[in-house]
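Worksheet for the structure shown next.
The values are calculated or read from the model by the stated rules, or taken from the named source; none is laboratory data. Predicted model only: the values in this text are computed from it and were never measured. We place every Cβ from the backbone using ideal geometry, glycine too, and count neighbours over all the protein chains shown.
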Amino acid sequence: MDVNNWITNPHIKQALHLLAQHNVSDKEQLLYVYENLINQEFDKIIQTFLAKVSEAKENIMKNAREMYTLANINLEDFKVGLGSLYDIDSLIELIQSHDSGQRCSSTVNRELCTLFEEINSKKDQEKNLEDIAKNIISFAKYYLEIDPRPFDDLQEKLSLEKFDTCPFRIWSWHPEVKSNSISLSNFNTIAEKTQQSMRYSTAVVGTTALSRGIHRWEVEIATRDIEHNWICFGVIETRLVKEVTDFPYCEAVGIDTYARLHNMDNEGLLANYDFKTFLCELNMENGTFTISYGGTVVARQRKSLKGKIVVPFADLGEPGNIVRLHVLSPV
């Protein structure tokens, strides 16, 4: 049996629908449902952090690989060339013998002087190895010493200090940008047209303009009666919102309860829109906006919204009409 057929009070219908939708039978389950939603949002944040860290790491290694390819270094030639000029092992042995006193000091000094004279005589030949040595210094410094700047930049971008004290900003209906004939309640999530107005089309918009990211919210419809059941909802470009009385819903992207599409394509219209909860999904990364019911998309935007700035809206039409907002993705 459809509860809508025998319950007429819109608030009772709304409460029953919410409890049934989230399978809530007691108060503790409400907290459990909310905790699951928060866990989902934190998981998204963690994945975003991990993606940013991986991207930064890959960029650093990409630069390292490019430098490695361009580096003109032949360590083997350098060692062979150096060995052909100097008997490094003999020099080290002589210095160690001098320091330890194992051999006669004067003898060691004479041998050292002879060796240094030989070294000095080969200064011109050293020039052939100088360029390789400079490349080795540059190459080794790059790979053996960490430049802290990329990591400092990444830490700055991902700093938790940049988060608000309440990082999840749940938007709601805007208490200032609405028709005077509309009243808000329940922390501005319920909009109800409470009185007649000069113009039939009277709207309220969301508190946050959306230009990037992925956003999801539910719109629950409850109308006064079968003869006064026109409501329109969706998103609209902020530049088009000149007034909220005589609202330009025809220029918006949305649907109304008369089954009319406004700048959207039909994906499966319903016979009845009253007393239903619709899921709105806005992806500003690819410019898509869809409205779904019962897990099935019923309407999709006609033109891409990418690069636009839009705001959610609800146009309530008749007194007694109600739209309840449930934000699923905090801004």
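Here are some conditions: (1) surrounded by 21 or more Cβ atoms within 10 Å (Cβ to Cβ); (2) touching a helix residue (DSSP H, G or I) at 6+ places or on another chain (Cβ under 8 Å); (3) closer than 13 Å to Phe313 by Cα; (4) not aromatic (Phe, Trp, Tyr). Ala222 meets all but one. Which one does it not meet?
Only one criterion in (1) surrounded by 21 or more Cβ atoms within 10 Å (Cβ to Cβ); (2) touching a helix residue (DSSP H, G or I) at 6+ places or on another chain (Cβ under 8 Å); (3) closer than 13 Å to Phe313 by Cα; (4) not aromatic (Phe, Trp, Tyr) is unmet by Ala222, namely (3).
Within the range 255-307, which residues are of a type in the set (S, T, N, Q) and either in contact (Cβ under 8 Å) with a residue 60 or more places away in the chain or surrounded by 15 or more Cβ atoms within 10 Å (Cβ to Cβ) (or both)?
Filtering the range 255-307 for residues of a type in the set (S, T, N, Q) gives 257, 263, 266, 272, 277, 283, 286, 288, 290, 292, 296, 301, 304.
Of everything in the range 255-307, those that are of a type in the set (S, T, N, Q) and either in contact (Cβ under 8 Å) with a residue 60 or more places away in the chain or surrounded by 15 or more Cβ atoms within 10 Å (Cβ to Cβ) (or both) turn out to be Thr257, Asn263, Thr277, Asn283, Thr288, Thr290, Ser292, Gln301.
From the list Glu161, Glu156, which residue is touching a Lys or Arg at 6+ places or on another chain (Cβ under 9 Å) and either at pLDDT below 70 or outside any strand (DSSP E or B) (or both)? I'd like the intermediate steps shown before the answer.
Details: Glu161 fails: touching a Lys or Arg at 6+ places or on another chain (Cβ under 9 Å).
Going through Glu161, Glu156 in turn, the sole match is Glu156.
Among the residues of the range 240-255, how many are charged (D, E, K, R) and touching a Leu at 6+ places or on another chain (Cβ under 8 Å)? Can you show your working first?
Kept after step one, since they are charged (D, E, K, R), are these residues of the range 240-255: 242-243, 246, 251.
Filter again for touching a Leu at 6+ places or on another chain (Cβ under 8 Å), leaving 251.
Here the count works out to 1.
Taking the range 177-193 on its own, how many of its residues are assigned to a loop (DSSP other than H, G, I, E, B) and surrounded by 14 or more Cβ atoms within 10 Å (Cβ to Cβ)?
4
From the set of residues in the range 194-219 that are within 13 Å of Ala314 (Cα to Cα) and not in a loop (DSSP other than H, G, I, E, B), which is nearest to the chain's Cα centre (by Cα)?
Restricting to residues being within 13 Å of Ala314 (Cα to Cα) and not in a loop (DSSP other than H, G, I, E, B), the top hit is Trp217.
If a residue must be surrounded by 21 or more Cβ atoms within 10 Å (Cβ to Cβ) and either at pLDDT 95 or above or under 16 Å from Leu305 (Cα atoms) (or both), how many such residues does the range 233-248 contain?
First, pick out the residues of the range 233-248 that are surrounded by 21 or more Cβ atoms within 10 Å (Cβ to Cβ): 233-236, 244, 247.
Retained after the next criterion (residues that are either at pLDDT 95 or above or under 16 Å from Leu305 (Cα atoms) (or both)): 233-236.
Qualifying residue count for the region: 4.
Would you tally the residues in the range 308-329 being assigned to a loop (DSSP other than H, G, I, E, B) and surrounded by 16 or more Cβ atoms within 10 Å (Cβ to Cβ)? Full working, then the answer.
Quick first cut of the range 308-329, residues assigned to a loop (DSSP other than H, G, I, E, B) only: 308-309, 316-321, 328-329.
Those left that are additionally surrounded by 16 or more Cβ atoms within 10 Å (Cβ to Cβ): 308, 316-321, 329.
Adding up the residues that qualify gives 8.
Just checking, which of Leu282, Leu269 is among the aliphatic types (A, V, I, L, M) and in a strand (DSSP E or B)? Can you show your working first?
Values: Leu269 fails: in a strand (DSSP E or B).
None of the other options fit; the residue is Leu282.
Applying the selection to the range 285-298, what residues are in contact with a Gly (Cβ under 8 Å, 6 or more places away or on another chain) and assigned to a strand (DSSP E or B)?
Phe289, Ile291, Thr296, Val297, Val298
For Ala252, state whether it is assigned by TED's automatic domain parsing to the domain that holds Pro319, exposed (fewer than 14 other Cβ atoms within 10 Å of the Cβ) and out of contact with any Ser or Thr (no Cβ under 9 Å at 6 or more places or on another chain). It would help to see each step written out before you state the result.
On the way: assigned by TED's automatic domain parsing to the domain that holds Pro319: yes; exposed (fewer than 14 other Cβ atoms within 10 Å of the Cβ): no; out of contact with any Ser or Thr (no Cβ under 9 Å at 6 or more places or on another chain): yes.
Answer is no for this residue.
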